[in-house]
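To start, the structure under review is shown below, and the notes come after it.
No value in this document is a laboratory result; all are computed from the given coordinates. These numbers come from a predicted model, not from an experiment.
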Amino acid sequence: MTTPAATDRAELASAHRALVVVAWLVPIGVLLQAALAGQGWFVHQALITTHGGIGHGVLGLSLIATALAWWVRPNWTVVALTSASLLGLIAQTGLGYTGRRGGVALASSVHIPLGTLLFATTLVVAVLLLVDRAPARGQA
């Protein structure tokens, strides 16, 4: 029979592994979106719709990563960066719709650098989690 503390540690370790996986899927998704956006503008316009669809998936993954980061709390830097990334991706989605459907050029001109910043931020989170593999809720 396992003790409650051992069960908690096992659950925390599993949640940490899940956080690492999801944290890596977010920047991969952002990078894929950038490739699709470029292809959509210069090769095949329908890929912009795919770009948006993947964006919704990345937003969902970011929500999961943020929830896991708050639960696991590997360190406060990761918690803060996942939370900021989630808010940035919400803004990014709004800018995408405003620029594309609303025809607001300013929204599109902000959408691209924000995507670059989000790629960098989510990549930093993934690397931080990969480097610090030890689950540590409450120690941050």
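What the table below lists for this structure:
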{"item": "Helix 105-131 vs. the chain, principal-axis angle (Cα, 0 to 90°, nearest 10)", "result": "20 degrees"}
{"item": "Built amide H within the under 5 Å cut-off of Asn75, gap 5+", "result": "none"}
{"item": "Relative contact order [Cα under 8 Å, 6+ residues apart], the chain, whole percent", "result": "33 percent"}
{"item": "Ellipticity estimate at 222 nm from DSSP helix runs (n ≥ 4, -39,500 (n - 2.57)) divided over the chain, nearest 500", "result": "-30000 deg cm²/dmol"}
{"item": "Cα-based helix-to-principal-axis angle, 76-100 vs the chain, degrees rounded to 10", "result": "20 degrees"}
{"item": "Spread of Cα-to-Cα distances over 10 Å intervals beginning at zero, given as percent, for the chain", "result": "12, 40, 26, 15, 6, 2, 0"}
{"item": "Angle between the chain longest axis and helix 47-72 axis [Cα atoms, degrees, rounded to 10]", "result": "20 degrees"}
{"item": "The stretch 9-26 versus the stretch 63-136: alpha-carbon centroid distance in Å", "result": "17 Å"}
